[in-house]
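Visitor: Can you read through this structure? Questions will come right after.
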Amino acid sequence: MVSPTLYQALGGFDALLAVCRRWHQLCLADPVAAHPFEHGLHPQHDERLAAYLAEATGGPKLYTGGYGDEVSMQRLHAGNGEHRDLDERCLALFEQALADAGIPAVPAARLAAHFRGAAEAQRAYASSVEEVPAGLTLPEWT
């Protein structure tokens with residue numbers, strides 16, 4: 001018997017999209033987390049993030065198939081300085097969004113841990129877009 005992918009355990013694309021939409025709502029309502037969500041987000045940010053999460057968790061190649069690659073995603077978020085308080089609040093709200101969307105506890109914890117690791121890794125590019133190296137590949141979270 002083959003174990004389900006993390007993508008399958010999370011409930012697939014629709015479940016991930018529900019998480020992303022809920023996270024966006026929670027962040028907009030939070031005085032600490034609202035700032036990046038209030039200024040210039042792509043109109044399909046939730047769908048793009050869900051596509052990224054789907055691909056990273058073993059689902060279909062929706063992000064690289066239609067939106068970009070890891071380098072473009074990292075460059076999109078690079079050069080904004082370090083903002084640990086904001087990061088921590090957004091990560092806590094992401095965990096809340098997972099719970100609010102009804103994601104089972106074990107896969108939710110796995111995704112939250114990977115999401116935290118990705119947020120922490122982005123700090124390497126906090127100073128400048130030019131710090132993002134070419135050739136990065138989208139992570140494979142299992």
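Visitor: Condition test on ALA101, is it surrounded by 15 or more Cβ atoms within 10 Å (Cβ to Cβ), small (Gly, Ala, Ser) and closer than 21 Å to GLN122 by Cβ? Quick ask: steps written out before the conclusion?
Guide: Working: surrounded by 15 or more Cβ atoms within 10 Å (Cβ to Cβ): yes; small (Gly, Ala, Ser): yes; closer than 21 Å to GLN122 by Cβ: no.
No: the conditions fail for ALA101.
Visitor: Here is a follow-up. Anything in segment 8-46 that is surrounded by 18 or more Cβ atoms within 10 Å (Cβ to Cβ) and of a type in the set (Asp, Glu)? List them, or say none.
Guide: Residue satisfying the conditions is ASP46 alone.
Visitor: Mind checking which residues of segment 26-49 are without any contact (Cβ under 8 Å) to a residue 60 or more places away in the chain and assigned to a helix (DSSP H, G or I)? Lay out the reasoning, then the answer.
Guide: Applying the first criterion (without any contact (Cβ under 8 Å) to a residue 60 or more places away in the chain) to segment 26-49 yields 28-29, 31-32, 34-49.
Those that are without any contact (Cβ under 8 Å) to a residue 60 or more places away in the chain and assigned to a helix (DSSP H, G or I): LEU28, ALA34, HIS35, PRO36, PHE37, GLU38, HIS45, ASP46, GLU47, ARG48, LEU49.
Visitor: So, one more: For residues that are of a type in the set (Ser, Thr, Tyr) and outside any helix (DSSP H, G or I), scanning just segment 3-25, find the one that is modelled with the lowest pLDDT.
Guide: My answer is SER3.
Visitor: Do the conditions hold for GLY59, that is, is it surrounded by fewer than 16 Cβ atoms within 10 Å (Cβ to Cβ), over 14 Å from the mean Cα position of the chain (by Cα) and not aliphatic (A, V, I, L, M)?
Guide: Details: surrounded by fewer than 16 Cβ atoms within 10 Å (Cβ to Cβ): no; over 14 Å from the mean Cα position of the chain (by Cα): yes; not aliphatic (A, V, I, L, M): yes.
For GLY59, the condition - surrounded by fewer than 16 Cβ atoms within 10 Å (Cβ to Cβ), over 14 Å from the mean Cα position of the chain (by Cα) and not aliphatic (A, V, I, L, M) - is not met.
Visitor: Look through GLN74, GLN122 and report the one residue that is surrounded by 13 or more Cβ atoms within 10 Å (Cβ to Cβ), polar (S, T, N, Q), within 22 Å of CYS27 (Cβ to Cβ) and in contact with a Phe, Trp or Tyr (Cβ under 9 Å, 6 or more places away or on another chain).
Guide: GLN74
Visitor: Would segment 71-84 turn up any residue that is part of a helix (DSSP H, G or I) and acidic (Asp, Glu)? It would help to see each step written out before you state the result.
Guide: Filtering segment 71-84 down to residues part of a helix (DSSP H, G or I) leaves 71-77, 84.
Within this subset, residues satisfying the condition of being acidic (Asp, Glu) are none.
There is no residue in segment 71-84 that is part of a helix (DSSP H, G or I) and acidic (Asp, Glu).
Visitor: Can you spot a residue in segment 92-113 that is farther than 15 Å from LEU10 by Cβ, at pLDDT below 95 and touching a helix residue (DSSP H, G or I) at 6+ places or on another chain (Cβ under 7 Å)? Walk me through it before giving the result.
Guide: Let us first name the residues in segment 92-113 that are farther than 15 Å from LEU10 by Cβ, namely 92-93, 96.
Filter once more, so that each one left must be at pLDDT below 95: none.
Taking every residue of segment 92-113 in turn, none turns out to be farther than 15 Å from LEU10 by Cβ, at pLDDT below 95 and touching a helix residue (DSSP H, G or I) at 6+ places or on another chain (Cβ under 7 Å).
Visitor: Something else about it: If you scan segment 50-68, which residues turn out to be more than 13 Å from GLU140 (Cβ to Cβ) and either in contact with a Cys (Cβ under 6 Å, 6 or more places away or on another chain) or assigned to a helix (DSSP H, G or I) (or both)?
Guide: Taking segment 50-68 first, the residues more than 13 Å from GLU140 (Cβ to Cβ) are 50-51, 60, 62, 65-68.
ALA50, ALA51, LEU62, GLY65, GLY66, listed by residue number.
Visitor: With the checklist (1) within 22 Å of ARG21 (Cα to Cα); (2) assigned to a loop (DSSP other than H, G, I, E, B) in hand, flag the one item ASP87 doesn't pass.
Guide: Only one criterion is unmet by ASP87, namely (2).
The values are calculated or read from the model by the stated rules, or taken from the named source; none is laboratory data. Given the structure is predicted, the values throughout are model-derived calculations rather than measurements. All Cβ positions, even for glycine, are placed from backbone atoms using ideal geometry, and neighbour counts span all protein chains on display.
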